[in-house]
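The values are calculated or read from the model by the stated rules, or taken from the named source; none is laboratory data. In this text, all values refer to a predicted model and were calculated from it rather than measured experimentally. With ideal geometry, Cβ positions are generated from the backbone for all residues, glycine too; neighbour counts draw on all protein chains shown. What goes into the accessible areas is simple: the full protein's heavy atoms, side chains included, and nothing from ligands, DNA or RNA. Shrake-Rupley method; radii C 1.70, N 1.55, O 1.52, S 1.80 Å.
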Amino acid sequence: MAGDAPVPQTIGNSNCSSHSSKKPKDKKKKKKKRGGSKKKMTAEQTLAFKSVSEWVFLEQPSSLPYSAASFVVDDFGVQKTLGKGGEKLVFEFHSHSKFSDGFMSPLKLVERAHGNGVNVLALTDHDTMSGIPEALEAARRFGIKIIPGVEISTIFSSSVESELVEPVHILAYYSSCGPTRSEELETFLANIRDGRFLHAKNMVLKLNKLKLPIKWEHVSRIAGKGVAPGRMHVARAMVEAGYVENLKQAFARYLFDGGPAYSTGSEPLAEEAIQLICKTGGMAVLAHPWALKNPAAIVRRLKDAGLHGMEVYRSDGKLAAYSDLADAYGLLKLGGSDYHGRGGQGESELGSVNLPVLAVYDFLEVARPIWCAAIRDILQSYAEEPSDSNLAGIMRFGRTWIFRGGSPLSGGKDLIDRCLSLWLTNEERQNVEFDAIRLKLSHISITQAGLQVPIESI
(Lines give C-alpha, C1' and ligand atoms only; values in the text may rest on other atoms or scores of the structure.)
Protein backbone atom coordinates (compact mmCIF):
# COMPACT_ATOMS: atom_id res chain seq x y z
CA MET A 1 0.00 0.00 0.00
CA ALA A 2 1.29 3.43 -0.86
CA GLY A 3 2.55 5.36 2.11
CA ASP A 4 3.99 2.32 3.89
CA ALA A 5 7.57 3.25 2.98
CA PRO A 6 9.46 5.40 5.46
CA VAL A 7 9.63 8.98 4.21
CA PRO A 8 13.01 10.75 4.13
CA GLN A 9 13.38 13.68 6.49
CA THR A 10 12.39 16.97 4.91
CA ILE A 11 15.02 19.66 4.49
CA GLY A 12 14.91 23.43 4.42
CA ASN A 13 14.20 26.17 6.93
CA SER A 14 11.68 25.33 9.62
CA ASN A 15 9.64 28.36 8.59
CA CYS A 16 8.93 26.55 5.35
CA SER A 17 7.77 23.31 6.91
CA SER A 18 4.53 21.86 5.58
CA HIS A 19 1.41 22.80 7.49
CA SER A 20 -0.86 20.16 6.05
CA SER A 21 -2.70 17.77 8.34
CA LYS A 22 -0.62 14.96 9.78
CA LYS A 23 -1.54 11.40 9.01
CA PRO A 24 -2.69 9.31 11.97
CA LYS A 25 -0.29 6.62 13.09
CA ASP A 26 -2.77 3.76 13.21
CA LYS A 27 -2.79 2.45 9.67
CA LYS A 28 -5.36 -0.09 8.61
CA LYS A 29 -4.13 -3.03 6.58
CA LYS A 30 -5.79 -3.56 3.25
CA LYS A 31 -7.20 -6.90 2.25
CA LYS A 32 -4.87 -8.85 0.04
CA LYS A 33 -7.34 -9.70 -2.66
CA ARG A 34 -7.51 -8.78 -6.28
CA GLY A 35 -10.38 -7.00 -7.93
CA GLY A 36 -12.06 -3.67 -7.85
CA SER A 37 -13.96 -3.71 -4.57
CA LYS A 38 -14.70 -0.27 -3.20
CA LYS A 39 -14.58 0.98 0.38
CA LYS A 40 -14.82 4.31 2.11
CA MET A 41 -11.62 6.21 2.70
CA THR A 42 -9.86 5.55 5.96
CA ALA A 43 -9.24 8.51 8.26
CA GLU A 44 -5.66 8.53 7.01
CA GLN A 45 -6.70 8.67 3.36
CA THR A 46 -9.33 11.33 4.05
CA LEU A 47 -6.80 13.64 5.70
CA ALA A 48 -4.32 13.01 2.87
CA PHE A 49 -6.98 13.75 0.26
CA LYS A 50 -7.93 17.00 2.00
CA SER A 51 -4.31 18.14 2.23
CA VAL A 52 -3.52 17.34 -1.40
CA SER A 53 -6.74 18.98 -2.62
CA GLU A 54 -6.01 22.20 -0.75
CA TRP A 55 -2.56 22.40 -2.37
CA VAL A 56 -3.87 21.69 -5.87
CA PHE A 57 -6.55 24.38 -5.60
CA LEU A 58 -4.63 26.99 -3.58
CA GLU A 59 -5.68 29.79 -5.92
CA GLN A 60 -9.10 28.32 -6.71
CA PRO A 61 -10.59 27.31 -3.35
CA SER A 62 -14.06 27.30 -4.93
CA SER A 63 -12.89 24.46 -7.18
CA LEU A 64 -12.11 22.15 -4.27
CA PRO A 65 -13.77 18.74 -4.63
CA TYR A 66 -17.02 18.83 -2.75
CA SER A 67 -16.02 16.37 -0.03
CA ALA A 68 -13.64 13.54 0.59
CA ALA A 69 -16.67 11.67 1.91
CA SER A 70 -17.91 11.52 -1.69
CA PHE A 71 -14.93 9.38 -2.64
CA VAL A 72 -14.13 5.73 -2.14
CA VAL A 73 -10.89 3.88 -2.79
CA ASP A 74 -10.23 0.51 -4.36
CA ASP A 75 -8.05 -2.20 -2.85
CA PHE A 76 -4.93 -0.33 -3.92
CA GLY A 77 -5.84 3.02 -2.38
CA VAL A 78 -6.72 4.71 -5.68
CA GLN A 79 -9.52 7.28 -5.50
CA LYS A 80 -12.87 6.48 -7.09
CA THR A 81 -15.90 8.76 -7.16
CA LEU A 82 -19.40 8.06 -5.93
CA GLY A 83 -22.29 9.02 -8.14
CA LYS A 84 -22.40 10.99 -11.36
CA GLY A 85 -20.45 14.13 -12.02
CA GLY A 86 -17.82 13.40 -9.39
CA GLU A 87 -14.19 14.22 -9.96
CA LYS A 88 -10.94 12.85 -8.59
CA LEU A 89 -7.51 14.38 -8.39
CA VAL A 90 -5.28 13.33 -11.27
CA PHE A 91 -1.52 13.90 -11.18
CA GLU A 92 0.70 13.34 -14.23
CA PHE A 93 4.36 13.31 -13.17
CA HIS A 94 6.11 12.32 -16.42
CA SER A 95 5.50 13.86 -19.86
CA HIS A 96 7.42 15.18 -22.85
CA SER A 97 6.89 17.87 -25.49
CA LYS A 98 8.49 18.88 -28.78
CA PHE A 99 11.18 20.68 -26.80
CA SER A 100 12.80 17.25 -26.43
CA ASP A 101 11.52 14.06 -28.05
CA GLY A 102 7.76 14.50 -27.70
CA PHE A 103 5.40 14.97 -30.63
CA MET A 104 3.29 17.80 -29.17
CA SER A 105 3.89 21.42 -28.30
CA PRO A 106 3.55 22.24 -24.59
CA LEU A 107 0.27 23.99 -25.45
CA LYS A 108 -1.18 20.87 -27.09
CA LEU A 109 0.17 18.70 -24.29
CA VAL A 110 -1.56 20.80 -21.63
CA GLU A 111 -4.75 20.87 -23.69
CA ARG A 112 -4.72 17.07 -23.95
CA ALA A 113 -4.00 16.73 -20.24
CA HIS A 114 -6.97 18.97 -19.49
CA GLY A 115 -9.16 16.83 -21.74
CA ASN A 116 -8.05 13.77 -19.79
CA GLY A 117 -8.98 15.31 -16.45
CA VAL A 118 -5.43 15.98 -15.26
CA ASN A 119 -5.24 18.51 -12.40
CA VAL A 120 -1.45 18.68 -11.98
CA LEU A 121 1.00 18.15 -14.85
CA ALA A 122 4.77 17.88 -14.64
CA LEU A 123 6.48 18.65 -17.95
CA THR A 124 9.74 16.67 -17.82
CA ASP A 125 11.48 17.11 -21.17
CA HIS A 126 14.88 15.52 -21.63
CA ASP A 127 17.69 17.80 -20.47
CA THR A 128 15.79 21.06 -20.99
CA MET A 129 13.22 23.24 -19.25
CA SER A 130 12.63 25.42 -22.30
CA GLY A 131 9.04 24.27 -22.73
CA ILE A 132 7.94 25.25 -19.22
CA PRO A 133 6.95 28.90 -19.96
CA GLU A 134 4.62 27.82 -22.79
CA ALA A 135 3.16 25.08 -20.59
CA LEU A 136 2.50 27.59 -17.80
CA GLU A 137 0.76 29.98 -20.17
CA ALA A 138 -1.46 27.18 -21.47
CA ALA A 139 -2.12 25.87 -17.97
CA ARG A 140 -3.46 29.26 -16.90
CA ARG A 141 -6.06 29.02 -19.67
CA PHE A 142 -7.09 25.48 -18.79
CA GLY A 143 -6.93 25.71 -15.01
CA ILE A 144 -4.15 23.14 -14.58
CA LYS A 145 -1.28 23.35 -12.11
CA ILE A 146 2.18 22.86 -13.65
CA ILE A 147 5.15 21.38 -11.81
CA PRO A 148 8.28 22.55 -13.67
CA GLY A 149 10.43 19.50 -14.27
CA VAL A 150 13.18 17.95 -16.35
CA GLU A 151 14.37 14.40 -17.07
CA ILE A 152 18.15 14.39 -16.85
CA SER A 153 20.21 11.92 -18.89
CA THR A 154 22.98 10.46 -16.77
CA ILE A 155 25.14 7.37 -16.56
CA PHE A 156 25.82 4.99 -13.71
CA SER A 157 29.27 3.50 -13.35
CA SER A 158 30.23 1.09 -10.58
CA SER A 159 33.85 1.19 -9.45
CA VAL A 160 33.36 -2.22 -7.85
CA GLU A 161 31.71 -3.83 -10.84
CA SER A 162 33.53 -2.10 -13.66
CA GLU A 163 31.45 -3.81 -16.32
CA LEU A 164 28.27 -2.17 -14.99
CA VAL A 165 27.92 1.05 -16.96
CA GLU A 166 24.42 1.97 -18.05
CA PRO A 167 22.23 4.99 -18.75
CA VAL A 168 20.07 6.23 -15.89
CA HIS A 169 17.41 8.94 -16.11
CA ILE A 170 16.68 11.18 -13.14
CA LEU A 171 13.48 13.23 -12.92
CA ALA A 172 13.73 16.61 -11.20
CA TYR A 173 10.68 18.48 -9.89
CA TYR A 174 10.82 22.18 -8.97
CA SER A 175 8.61 24.89 -7.50
CA SER A 176 6.63 27.50 -9.39
CA CYS A 177 9.73 29.75 -9.47
CA GLY A 178 11.88 26.97 -10.92
CA PRO A 179 15.36 26.04 -9.69
CA THR A 180 17.63 28.14 -7.55
CA ARG A 181 21.08 28.64 -9.10
CA SER A 182 19.28 28.38 -12.45
CA GLU A 183 22.35 29.35 -14.46
CA GLU A 184 24.36 26.51 -12.92
CA LEU A 185 21.63 24.01 -13.74
CA GLU A 186 21.24 25.36 -17.28
CA THR A 187 24.98 25.03 -17.93
CA PHE A 188 24.82 21.45 -16.65
CA LEU A 189 21.89 20.64 -18.95
CA ALA A 190 23.43 22.44 -21.92
CA ASN A 191 26.53 20.25 -21.67
CA ILE A 192 24.33 17.17 -21.79
CA ARG A 193 22.44 18.52 -24.81
CA ASP A 194 25.73 19.16 -26.62
CA GLY A 195 26.60 15.54 -25.97
CA ARG A 196 23.23 14.47 -27.39
CA PHE A 197 24.15 16.03 -30.74
CA LEU A 198 27.35 13.98 -30.80
CA HIS A 199 25.76 10.70 -29.84
CA ALA A 200 22.85 11.20 -32.28
CA LYS A 201 25.39 11.74 -35.07
CA ASN A 202 27.20 8.59 -33.96
CA MET A 203 23.93 6.65 -34.17
CA VAL A 204 23.40 7.88 -37.72
CA LEU A 205 26.96 6.81 -38.64
CA LYS A 206 26.40 3.37 -37.15
CA LEU A 207 23.15 2.98 -39.05
CA ASN A 208 24.90 4.00 -42.25
CA LYS A 209 27.51 1.26 -41.65
CA LEU A 210 24.61 -1.17 -41.22
CA LYS A 211 23.45 -0.25 -44.74
CA LEU A 212 20.69 2.06 -43.52
CA PRO A 213 21.54 5.40 -45.16
CA ILE A 214 19.76 7.72 -42.72
CA LYS A 215 20.70 11.36 -43.30
CA TRP A 216 21.65 13.66 -40.44
CA GLU A 217 19.64 16.47 -42.04
CA HIS A 218 16.54 14.29 -41.80
CA VAL A 219 17.06 13.70 -38.07
CA SER A 220 17.74 17.40 -37.44
CA ARG A 221 14.59 18.40 -39.29
CA ILE A 222 12.48 16.04 -37.18
CA ALA A 223 14.04 17.30 -33.94
CA GLY A 224 13.37 20.92 -34.84
CA LYS A 225 15.41 24.06 -34.48
CA GLY A 226 17.34 24.26 -31.24
CA VAL A 227 16.26 20.82 -30.00
CA ALA A 228 18.99 18.34 -29.11
CA PRO A 229 18.29 15.15 -31.12
CA GLY A 230 17.89 11.83 -29.36
CA ARG A 231 17.06 8.22 -30.10
CA MET A 232 13.40 9.03 -30.67
CA HIS A 233 14.26 11.46 -33.47
CA VAL A 234 16.58 8.91 -35.09
CA ALA A 235 13.86 6.27 -34.78
CA ARG A 236 11.31 8.57 -36.42
CA ALA A 237 13.71 9.18 -39.31
CA MET A 238 14.07 5.40 -39.74
CA VAL A 239 10.29 4.98 -39.88
CA GLU A 240 9.83 7.85 -42.35
CA ALA A 241 12.61 6.45 -44.55
CA GLY A 242 10.94 3.05 -44.57
CA TYR A 243 13.76 1.10 -42.91
CA VAL A 244 11.53 -0.08 -40.06
CA GLU A 245 7.77 -0.42 -39.76
CA ASN A 246 7.37 1.51 -36.52
CA LEU A 247 9.20 3.10 -33.60
CA LYS A 248 9.04 -0.06 -31.52
CA GLN A 249 10.86 -1.99 -34.23
CA ALA A 250 13.53 0.70 -34.54
CA PHE A 251 14.33 0.40 -30.85
CA ALA A 252 14.02 -3.38 -30.69
CA ARG A 253 16.39 -3.96 -33.60
CA TYR A 254 18.87 -1.09 -33.52
CA LEU A 255 18.52 1.56 -30.81
CA PHE A 256 18.05 -0.30 -27.54
CA ASP A 257 20.67 0.17 -24.82
CA GLY A 258 23.78 -1.59 -26.13
CA GLY A 259 22.14 -2.17 -29.52
CA PRO A 260 24.02 -2.14 -32.83
CA ALA A 261 23.30 1.55 -33.43
CA TYR A 262 23.25 2.71 -29.81
CA SER A 263 25.68 5.42 -28.73
CA THR A 264 26.30 7.24 -25.48
CA GLY A 265 26.98 10.94 -25.25
CA SER A 266 28.77 12.89 -22.54
CA GLU A 267 26.29 12.28 -19.75
CA PRO A 268 27.32 13.08 -16.18
CA LEU A 269 27.25 10.56 -13.36
CA ALA A 270 23.79 10.03 -11.88
CA GLU A 271 25.10 10.99 -8.44
CA GLU A 272 26.26 14.37 -9.76
CA ALA A 273 22.84 15.11 -11.24
CA ILE A 274 21.04 14.19 -8.01
CA GLN A 275 23.35 16.35 -5.93
CA LEU A 276 22.75 19.31 -8.26
CA ILE A 277 18.98 18.77 -8.17
CA CYS A 278 19.06 18.88 -4.38
CA LYS A 279 21.36 21.91 -4.44
CA THR A 280 18.96 23.79 -6.74
CA GLY A 281 15.81 23.16 -4.70
CA GLY A 282 14.40 20.18 -6.55
CA MET A 283 13.08 16.70 -5.86
CA ALA A 284 15.11 13.86 -7.43
CA VAL A 285 13.23 10.74 -8.58
CA LEU A 286 14.60 7.74 -10.46
CA ALA A 287 12.76 7.24 -13.76
CA HIS A 288 11.63 3.83 -15.08
CA PRO A 289 13.86 1.61 -12.90
CA TRP A 290 12.48 -1.46 -14.68
CA ALA A 291 14.71 -0.52 -17.63
CA LEU A 292 17.86 -0.95 -15.53
CA LYS A 293 20.01 -4.07 -15.57
CA ASN A 294 20.96 -3.88 -11.90
CA PRO A 295 18.39 -1.63 -10.19
CA ALA A 296 19.22 -2.65 -6.60
CA ALA A 297 22.88 -1.60 -6.84
CA ILE A 298 21.95 1.65 -8.57
CA VAL A 299 19.21 2.57 -6.09
CA ARG A 300 21.52 1.88 -3.15
CA ARG A 301 24.17 4.27 -4.50
CA LEU A 302 21.71 6.95 -5.59
CA LYS A 303 19.95 6.94 -2.23
CA ASP A 304 23.28 7.84 -0.64
CA ALA A 305 23.61 10.71 -3.14
CA GLY A 306 20.27 12.21 -2.07
CA LEU A 307 17.64 10.47 -4.22
CA HIS A 308 14.15 11.21 -2.89
CA GLY A 309 12.04 8.65 -4.72
CA MET A 310 11.59 6.29 -7.66
CA GLU A 311 8.91 5.46 -10.17
CA VAL A 312 6.91 2.46 -9.03
CA TYR A 313 3.51 3.02 -10.63
CA ARG A 314 2.70 2.62 -14.32
CA SER A 315 -0.51 2.55 -16.32
CA ASP A 316 -0.71 -1.19 -15.74
CA GLY A 317 -0.47 -0.78 -11.96
CA LYS A 318 2.13 -0.95 -9.22
CA LEU A 319 5.23 -3.02 -9.86
CA ALA A 320 5.68 -4.99 -6.65
CA ALA A 321 9.43 -5.63 -7.04
CA TYR A 322 10.19 -1.91 -7.37
CA SER A 323 7.75 -0.98 -4.62
CA ASP A 324 9.65 -3.36 -2.33
CA LEU A 325 12.93 -1.80 -3.45
CA ALA A 326 11.60 1.67 -2.62
CA ASP A 327 10.54 0.40 0.81
CA ALA A 328 13.96 -1.12 1.42
CA TYR A 329 15.68 2.25 0.95
CA GLY A 330 13.01 4.55 2.36
CA LEU A 331 12.21 6.14 -1.00
CA LEU A 332 9.00 7.87 -2.08
CA LYS A 333 6.87 5.99 -4.60
CA LEU A 334 5.79 7.86 -7.71
CA GLY A 335 4.91 7.20 -11.32
CA GLY A 336 3.80 8.76 -14.58
CA SER A 337 2.82 7.85 -18.11
CA ASP A 338 6.09 8.98 -19.77
CA TYR A 339 3.80 10.37 -22.47
CA HIS A 340 5.39 11.46 -25.76
CA GLY A 341 2.31 11.77 -27.97
CA ARG A 342 3.57 9.29 -30.54
CA GLY A 343 0.20 7.57 -30.74
CA GLY A 344 -0.47 3.88 -31.13
CA GLN A 345 -1.62 1.24 -28.69
CA GLY A 346 1.80 0.85 -27.07
CA GLU A 347 1.80 4.26 -25.40
CA SER A 348 0.25 5.09 -22.05
CA GLU A 349 -2.10 8.06 -22.12
CA LEU A 350 -1.66 11.26 -20.13
CA GLY A 351 -3.16 10.83 -16.68
CA SER A 352 -3.51 7.06 -17.03
CA VAL A 353 -1.36 6.18 -14.01
CA ASN A 354 -3.57 5.75 -10.95
CA LEU A 355 -1.53 7.10 -8.06
CA PRO A 356 -2.85 6.36 -4.57
CA VAL A 357 -3.71 9.54 -2.69
CA LEU A 358 -1.24 8.55 0.05
CA ALA A 359 1.62 8.33 -2.47
CA VAL A 360 0.92 11.89 -3.67
CA TYR A 361 0.53 13.10 -0.09
CA ASP A 362 3.87 11.59 0.93
CA PHE A 363 5.57 13.20 -2.08
CA LEU A 364 4.17 16.65 -1.31
CA GLU A 365 5.02 16.33 2.39
CA VAL A 366 8.69 16.09 1.43
CA ALA A 367 8.58 18.40 -1.62
CA ARG A 368 6.70 21.38 -0.24
CA PRO A 369 9.23 22.45 2.42
CA ILE A 370 12.02 22.07 -0.17
CA TRP A 371 10.09 24.15 -2.71
CA CYS A 372 9.18 26.73 -0.07
CA ALA A 373 12.85 27.17 0.82
CA ALA A 374 13.76 27.44 -2.88
CA ILE A 375 11.16 30.13 -3.52
CA ARG A 376 12.41 32.01 -0.48
CA ASP A 377 16.01 31.83 -1.71
CA ILE A 378 15.09 33.05 -5.21
CA LEU A 379 13.11 35.99 -3.87
CA GLN A 380 15.78 36.73 -1.26
CA SER A 381 18.43 36.95 -3.98
CA TYR A 382 16.31 39.51 -5.82
CA ALA A 383 15.57 41.47 -2.65
CA GLU A 384 19.28 41.71 -1.82
CA GLU A 385 20.22 42.60 -5.40
CA PRO A 386 17.20 43.79 -7.44
CA SER A 387 19.06 43.46 -10.73
CA ASP A 388 17.59 42.70 -14.13
CA SER A 389 19.27 39.29 -14.15
CA ASN A 390 17.74 38.30 -10.80
CA LEU A 391 14.36 39.60 -11.93
CA ALA A 392 14.70 37.56 -15.13
CA GLY A 393 15.13 34.46 -12.98
CA ILE A 394 11.71 35.08 -11.45
CA MET A 395 10.10 36.13 -14.71
CA ARG A 396 11.34 33.08 -16.62
CA PHE A 397 8.58 30.89 -15.20
CA GLY A 398 6.55 33.50 -13.36
CA ARG A 399 5.50 36.10 -15.95
CA THR A 400 2.24 34.31 -16.75
CA TRP A 401 0.86 34.33 -13.22
CA ILE A 402 2.62 37.47 -11.93
CA PHE A 403 0.82 39.52 -14.59
CA ARG A 404 -2.31 37.37 -14.74
CA GLY A 405 -5.27 39.20 -16.15
CA GLY A 406 -3.00 42.03 -17.27
CA SER A 407 -3.20 43.62 -13.82
CA PRO A 408 -0.18 45.70 -12.82
CA LEU A 409 1.89 45.15 -9.71
CA SER A 410 1.52 47.73 -6.96
CA GLY A 411 5.03 47.03 -5.72
CA GLY A 412 7.39 44.46 -4.28
CA LYS A 413 4.77 43.12 -1.88
CA ASP A 414 2.54 42.31 -4.83
CA LEU A 415 5.39 40.49 -6.55
CA ILE A 416 6.04 38.34 -3.48
CA ASP A 417 2.38 37.57 -2.87
CA ARG A 418 1.72 36.54 -6.44
CA CYS A 419 4.84 34.40 -6.54
CA LEU A 420 3.69 32.55 -3.43
CA SER A 421 -0.06 32.32 -3.97
CA LEU A 422 0.03 29.36 -6.36
CA TRP A 423 2.42 27.28 -4.30
CA LEU A 424 2.18 28.05 -0.58
CA THR A 425 -0.67 28.24 1.88
CA ASN A 426 -1.43 31.48 3.72
CA GLU A 427 0.18 30.01 6.83
CA GLU A 428 3.36 29.10 4.92
CA ARG A 429 3.54 32.59 3.43
CA GLN A 430 3.24 34.42 6.73
CA ASN A 431 6.69 34.27 8.26
CA VAL A 432 9.40 36.72 9.20
CA GLU A 433 11.66 35.96 6.23
CA PHE A 434 8.98 36.63 3.61
CA ASP A 435 7.93 39.78 5.47
CA ALA A 436 11.54 41.01 5.35
CA ILE A 437 11.67 40.37 1.60
CA ARG A 438 8.41 42.29 1.10
CA LEU A 439 9.85 45.23 3.02
CA LYS A 440 13.07 45.29 0.98
CA LEU A 441 11.09 45.35 -2.28
CA SER A 442 8.46 47.86 -1.15
CA HIS A 443 10.05 50.64 -3.22
CA ILE A 444 10.19 48.63 -6.46
CA SER A 445 7.43 48.21 -9.03
CA ILE A 446 7.53 45.81 -11.98
CA THR A 447 6.07 46.74 -15.37
CA GLN A 448 4.59 44.34 -17.93
CA ALA A 449 7.88 44.52 -19.83
CA GLY A 450 9.69 43.21 -16.77
CA LEU A 451 11.32 46.57 -16.04
CA GLN A 452 12.08 47.71 -12.52
CA VAL A 453 10.67 51.12 -11.74
CA PRO A 454 10.96 52.93 -8.38
CA ILE A 455 7.45 53.45 -7.04
CA GLU A 456 8.19 57.13 -6.38
CA SER A 457 8.62 57.74 -10.13
CA ILE A 458 5.36 56.14 -11.23
**Asked** Per-residue accessible area for His340 at 1.4 Å probe radius, Å² rounded to 10?
**Response** 10 Å²
**Complete:** Judged on accessible area alone, 1.4 Å probe, highest first, Lys215, Lys88, Lys108 line up as Lys215, Lys108, Lys88
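Cα gyration tensor of the stretch 91-355, axes a ≥ b ≥ c as square roots of the eigenvalues: rounded (a/c below 1.5), prolate (a/b > b/c) or oblate?
Details: a/c = 1.41, a/b = 1.12, b/c = 1.26.
Rounded.
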**Request:** Hey, can you find the accessible area per residue of the stretch 91-355 for me, probe 1.4 Å, expressed in square angstrom?
**Result:** 39 Å²
**Prompt:** By how many nm would the segment from Ala296 to Ser157 lengthen if fully extended, with 0.36 nm per residue of separation less the alpha-carbon distance?
**Reply:** 48.7 nm
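Given charges of +1 on the Cβ of Lys and Arg and -1 on the Cβ of Asp and Glu, with all other atoms neutral, how large is the dipole of the stretch 241-391 about its Cα centre, in debye to the nearest 20?
On the way: 13 positive and 19 negative charges, 90 e Å.
Dipole magnitude for the stretch 241-391 comes out near 440 debye.
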**Lys98 accessible area, 1.4 Å probe, all protein chains in place, Å² to nearest 10** = 110 Å²
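Counting Lys and Arg as +1 and Asp and Glu as -1, what is the net charge of the other residues whose Cβ lies under 12 Å from the Cβ of Tyr322?
On the way: positive: Arg314, Lys318, Lys333; negative: Glu311, Asp324, Asp327.
Neighbour charge sum, excluding Tyr322 itself: 0.
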**Item:** With all protein chains modelled, accessible area of His96 [1.4 Å, Å²]
**Value:** 0 Å²
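At a 1.4 Å probe radius, which order do Val432, Val90 fall into by accessible area, largest first? Can you show the working numbers first?
Details: Val432 115, Val90 15 Å².
The ranking, largest first, comes out as Val432, Val90.
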**Message:** Please list, by residue number, everything in the stretch 327-363 whose backbone N is under 13 Å from a paramagnetic label point 7 Å out along Cα→Cβ of Lys248.
**Reply:** 343-348
